[in-house]
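The values are calculated or read from the model by the stated rules, or taken from the named source; none is laboratory data. None of the values given here were measured: they were computed from a predicted structure. Cβ: placed from backbone, ideal geometry, glycine included. Neighbour counts: every protein chain shown. Areas reflect the complete protein model, heavy atoms only, side chains present, ligands, DNA and RNA absent. Shrake-Rupley method; radii C 1.70, N 1.55, O 1.52, S 1.80 Å.
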Amino acid sequence: QVQLVESGGGLVQAGGSLRLSCACIASGRTFSTYAMGWFRQAPGKEREFVGGINRSGGTYYRDSVKGRFTISRDNSKNTVDLQMNTLKPEDTAVYYCAAGRDIDSDLGLYDGWGQGTQVTVSS
């Protein structure tokens, strides 16, 4: 029902920056009614909540990325971005975007997921 596509992943040195983009290319309702979340999954670990943005533009981030990551949305383009600065090796993971009713760290509360994009931070 909700089809999302992430892009922008790649290899970057520690301290560098990357900007990920998530495009909603199909949905059952207008993009602006979705809260959008970003998650990541490192090898051997469970998928974890990174941050999200609600319908009004309010954001929430996990403590480890506060001050370094910024989430924004452009409802006219049906996109949500994740700007990642001062990247650390521990940020290495596959990053996923998800659409839901509200920002939530519970994966089960989201209605649709992207395929993921790899972010690798070298030390």
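Evaluating kT/(6 pi eta Rh) at 25 °C and 0.890 mPa s, with the Kirkwood radius of the stretch 75-123 over Cα pairs in the Stokes-Einstein relation, gives 193 µm² s⁻¹. What is the Cα centroid distance between the stretch 78-122 and the stretch 44-58, reported in whole angstrom? Centre-to-centre (Cα) distance: 6 Å. Using a probe radius of 1.4 angstrom, the carbon and sulfur fraction of the accessible surface of the chain is 45%. For the pair Thr120 and Arg55, the difference between a 0.36 nm per residue extended length and the Cα-Cα distance amounts to 20.4 nm.
Label separation (Gln41 vs Gln1): 2.1 nm, computed from points 7 Å beyond Cα along the C-beta direction. In this structure the chain gives 50 Å² per residue of accessible area when probed at 1.4 Å with all protein chains present. Applying the Karplus relation 6.51 cos²θ - 1.76 cosθ + 1.60 with θ = phi - 60° to the stretch 5-22 yields 3J(HN,Hα) values of 10, 8, 8, x, x, x, 9, 9, 6, 3, x, x, 10, 9, 10, 9, 10, 10 Hz, where x marks Gly and Pro.
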